[in-house]
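Asks: Take this structure, written in structure tokens, and hold onto it; I'll ask about it next.
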Amino acid sequence: MNSFRDSGLNDQILDAVSELGFETPTPIQAKTIPHLLSSDQDLIAFAQTGTGKTAAFGLPAIQLTDVENKNPQTLILCPTRELCMQITKDLTNYSKNIKGISIVPVYGGARIDTQIRALNREAQIVVATPGRAKDLIIRKKLLLENVKRVVLDEADEMLTMGFKDDLDAILAETHHKKQTMLFSATMSREIMAITKKYMDHPIEISATPMNTGAENVKHLYYMVHASDRYEVLKRLADMNPNIYGIVFCRTRRETKEIANKLIQDGYNADAIHGELTQAQRDDVMGRFRSHQLQLLVATDVAARGLDVTDLTHIINYDLPDDIEVYIHRSGRTGRAGKSGISIAIIHMRETGKLKDIERKFKITFSKELVPSGRDICQKQLYSLIDKIEKVQVDDYQIEPFLPAIYEKLDWLSREDLIKHFVSAEFNRFLAYYKGAKDINVAERSRSEGRGQREKRTREERRRTPFIKLFINVGSKNNLNPARLMGLINEGLNSRETTIGKIEILKQFSFFEVEDTMELPLIDALKGQYFDGVPLLVQVSQEKPAFDPFSSERTQSRDYKKPKKDTRRSGGDKHKSGGGGRSRRRP
């Protein structure tokens, strides 16, 4: 299929597609559209975000819609409000020449009574988020018994966001003879479970080889100390004056702090996170889409469903815990045939995770050196000259002021005038980056033996004073060492804290941290919840302040009063990257 004319789509749809400027289908469209127009066989399609999936399932759904039947015939489920609205907008544009077709979006964060009225009028195609769809089904306002097609768009994202139970409940309301289409960027165990439970001998279509990154995305990494990550972020922004990208952080707290620092340092930046109201989120996204913001700082959950096609950079301030998430992040740039850059700011202990990403997704990271102050000043100077050269001059408006300006600057030669003009803007960067240090970190030599590393670790362990703490959650609360470390790191907003021995029991746990972190950590976790349990953290002692676990057999063994030298004992250490520092940008 070399053009949409070869796809079997009717003239009304072809005219709409042509008016939108689309002539040649993307690979996923070329493979999917003819199948959906000619067969009701279930379909699994693997494609990265931004490869034209909406048209791939949307154009056939529009053509197959019976406009005389006002009941829902196609249900499209997607993970977020933003994606729901974008799909609806695209389908409305594709179907603008078809009279009598109705496409209705339903999503959380909006008045449900308005959506119910829209469903009651007519709704042949319903685009929905799982939570709102389930709510409307329970209210008997979204009736699915006549639905012939169900599309699960970004199915892996919906599962990651915890919508499995909602999807099960929704799909259980549909007819077993429907056609089910699943679109996903990755194939996880959860996705496999859905295909086995709800799909009947599906055909598999892949626009690109499975588990690979987009070919037009360049993957780079910078190796620095964790405490220098914010400095790297600023230098990258200064080195790329026209940057337009998303900075991914692990936690909401870190997202807000990084965005606030960038704003205070004079960058066009803001954040989206779970604590924003929908109106606040819409405002931030409106400014970002209109390029009033150059950098959007976000968590993975908050950024899901964003549809921005011309991003130049994705910056991983933190690598994700789930390495498959990296592909979702990087896939947000390099869309529509454009090139993009995905950057990871890492420290020494994250090289293993970087190699895992390379191996699983068959991509290669190039190590780059953090730009020096001289590099940035040179880049900014040339950028300034480009702006001056291309600026539009309004002769009519400026003419009255020129005689006075000429007289004022008459004593300067042409060369001196250029120097003065450029320096007025450029001196800020020269002053800011004067004496900027080299913050690159050399990777450990591969020739260094394991024995040398273990010896160094033992020496560091002996020098670190630890204290043993009690926390009132354990394995029954789904706590494990990794989640406990994440809880500690998030509480302290730093992953530089050295963590010693960890012991996870059924109802409570023990762990060691540097003794200087005792009070800050206890204070940080006060009032926090884990798995629905209000946290209590205190120094390990004979008995805790309260005794809720009297039946725990290990209590007498575990609540031993620490000896005087406990603070000098230690275990295996766990580190990962941490906070940043802020300096005023010129």
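Asks: Counting only residues that are part of a helix (DSSP H, G or I) and of a type in the set (Gly, Ala, Ser), which one in region 320-354 is farthest from Ile28 (Cα to Cα)?
Replies: If we take residues in region 320-354 being part of a helix (DSSP H, G or I) and of a type in the set (Gly, Ala, Ser), then Gly352 is farthest from Ile28 (Cα to Cα).
Asks: Scan region 15-70 residue by residue and report those that are of a type in the set (D, E, K, R) and closer than 25 Å to Ala185 by Cα.
Replies: Glu23, Lys31, Asp40, Asp42, Lys53
Asks: Take Leu354 and decide whether it is assigned by TED's automatic domain parsing to the domain that holds Thr255, at pLDDT 80 or above, in contact with a strand residue (DSSP E or B) (Cβ under 7 Å, 6 or more places away or on another chain) and closer than 27 Å to Thr54 by Cβ.
Replies: The answer is no for Leu354.
Asks: Another question about this same structure. Applying the selection to region 375-399, what residues are among the polar types (S, T, N, Q) and either in a helix (DSSP H, G or I) or under 18 Å from Arg428 (Cβ atoms) (or both)?
Replies: Gln378, Gln380, Ser383, Gln397
Asks: Would you confirm, using the coordinates I've provided, whether Arg414 is without any contact (Cβ under 8 Å) to a residue 24 or more places away in the chain and under 31 Å from the mean Cα position of the chain (by Cα)?
Replies: Taking the combined requirement at face value, the residue does not satisfy it.
Asks: Also: Please count how many residues of region 111-138 are part of a loop (DSSP other than H, G, I, E, B) and in contact (Cβ under 8 Å) with a residue 24 or more places away in the chain.
Replies: 4
Asks: Exactly one of these conditions fails for Pro79: (1) in contact with a helix residue (DSSP H, G or I) (Cβ under 7 Å, 6 or more places away or on another chain); (2) crowded, with 17+ Cβ neighbours inside 10 Å; (3) not in a loop (DSSP other than H, G, I, E, B). Give me its number.
Replies: Here Pro79 meets the rest and fails (3).
Asks: If a residue must be assigned to a loop (DSSP other than H, G, I, E, B), over 20 Å from Ile44 (Cβ atoms) and acidic (Asp, Glu), how many such residues does region 139-190 contain?
Replies: 2
Asks: Of the numbered conditions (1) part of a helix (DSSP H, G or I); (2) surrounded by fewer than 22 Cβ atoms within 10 Å (Cβ to Cβ); (3) modelled with pLDDT under 90, Asn93 fails exactly one; give the number of that condition.
Replies: If we test Asn93 against (1) part of a helix (DSSP H, G or I); (2) surrounded by fewer than 22 Cβ atoms within 10 Å (Cβ to Cβ); (3) modelled with pLDDT under 90, just (3) comes out false.
Asks: Give me a count of the residues in region 43-59 that are in contact with a Leu (Cβ under 7 Å, 6 or more places away or on another chain) and free of Cβ contacts under 8 Å to residues at least 40 places away in the same chain.
Replies: The qualifying residues number 1.
Asks: What are the residues in region 207-225 that are surrounded by 19 or more Cβ atoms within 10 Å (Cβ to Cβ) and modelled with pLDDT under 85, if any?
Replies: Scanning region 207-225 gives Ala207, Gly213, Ala214.
Asks: When region 355-374 is examined, which residues are found to be in a helix (DSSP H, G or I) and under 25 Å from Tyr433 (Cα atoms)?
Replies: Residues satisfying the conditions are Gly373, Arg374.
Asks: Can you tell me which residues in region 253-263 are in contact with a helix residue (DSSP H, G or I) (Cβ under 8 Å, 6 or more places away or on another chain) and surrounded by fewer than 23 Cβ atoms within 10 Å (Cβ to Cβ)?
Replies: Across region 253-263, the qualifying residues are Arg253, Lys261.
Asks: Pick from region 21-50 the residues that are of a type in the set (Ser, Thr, Tyr) and closer than 19 Å to Thr333 by Cβ: which of them is nearest to the chain's Cα centre (by Cα)?
Replies: Within region 21-50, the match that is nearest to the chain's Cα centre (by Cα) is Thr49.
Asks: Of all residues in region 26-44, which are farther than 17 Å from Arg149 by Cα and not charged (D, E, K, R)?
Replies: Correct list: Thr26, Pro27, Ile28, Gln29, Ala30.
Asks: Also, I was wondering about something else. Do any helices (runs of 4 or more DSSP H) lying entirely in region 247-319 carry at least 3 residues that are farther than 21 Å from Tyr222 by Cα and within 14 Å of the chain's Cα centre (by Cα), and which ones are they?
Replies: Fully inside region 247-319 and qualifying: 300-303.
The values are calculated or read from the model by the stated rules, or taken from the named source; none is laboratory data. Keep in mind it's a predicted model, so treat the numbers as computed, not measured. Glycine also receives a Cβ, built like all others from the backbone with ideal geometry; neighbour counts cover every protein chain displayed.
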